[in-house]
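Encoded as structure tokens, the structure appears first; notes follow it.
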Amino acid sequence: MAYLSPDEYRILVEQAPIMIWRSGLNAGCDYFNQNWLSFTGATLEHELGNGWAEGVHPEDFDRCLDIYLKAFAAHEPFAMEYRLRDAHGEFRWILDEGGPFFDDKGEFAGFIGSCIDVTERIEAERVLAEFHEAEVRRLQGLLPICAQCKKIRDDKGYWREVEEYVREHSEAEFSHGLCPECLGVVLKGLGE
């Protein structure tokens, strides 16, 4: 197995195509790689400790903090999604995964995490869910109707007269008459 030099490790961490962070024993962050800093547009000095949390969307902050602190206290890995303000001031969805790391003596030393921007996936899921809901609403709006006698099949599978079904499902009242086409058929039938 080939070992990397400290410089090679630094290059690996700094140039990895993901955002990387680390926190110490106090749960405050003490490192962010260049990809994190480029994404947020913040300086390392600003992000250190809990400064990074200023970029978390207010609606996600409490949940995000709760997940992180519980995992930190239990020394267990976590994964969460939240919105983080980017360098342009827009909130982007982030998948943040972190886990405990241990020093050379096997002692707990803090957490290391990585983040990726998953906004496109979240938006695609939202669009798909909206489409699905619209399709369900459309399908729920379909009424099975007999092409011959025009009875409607209700949700229990019984075939009912249109007037009876509509009267039970709305406040509509009916008045009966004949359309011009049907009037012609009726009159023609009377003449024969």
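The values are calculated or read from the model by the stated rules, or taken from the named source; none is laboratory data. As the structure is a computational prediction, the values presented were derived from the model and not from experiment. Quick reminder, even Gly has a Cβ in these numbers, built from the backbone with ideal geometry, and neighbours come from all protein chains shown.
Any residue in segment 18-34 that is closer than 30 Å to Glu123 by Cβ, at pLDDT 95 or above, surrounded by 14 or more Cβ atoms within 10 Å (Cβ to Cβ) and of a type in the set (Gly, Ala, Ser)?
Among the residues of segment 18-34, at least one is closer than 30 Å to Glu123 by Cβ, at pLDDT 95 or above, surrounded by 14 or more Cβ atoms within 10 Å (Cβ to Cβ) and of a type in the set (Gly, Ala, Ser), which makes the answer yes.
I'd like the residue in segment 149-192 that is in a loop (DSSP other than H, G, I, E, B) and either touching a residue at least 60 places away in the same chain (Cβ under 8 Å) or small (Gly, Ala, Ser) (or both) and, out of all such residues, is surrounded by the fewest Cβ atoms within 10 Å (Cβ to Cβ).
If we filter segment 149-192 for residues that are in a loop (DSSP other than H, G, I, E, B), which is where we start, we get 149-151, 154-158, 161, 170-179, 192.
Among the residues that remain, those that are also either touching a residue at least 60 places away in the same chain (Cβ under 8 Å) or small (Gly, Ala, Ser) (or both) are: 157, 170, 172, 175, 177.
Details: Gly157: 7, Ser170: 8, Ala172: 8, Ser175: 4, Gly177: 7.
So the residue we want is Ser175.
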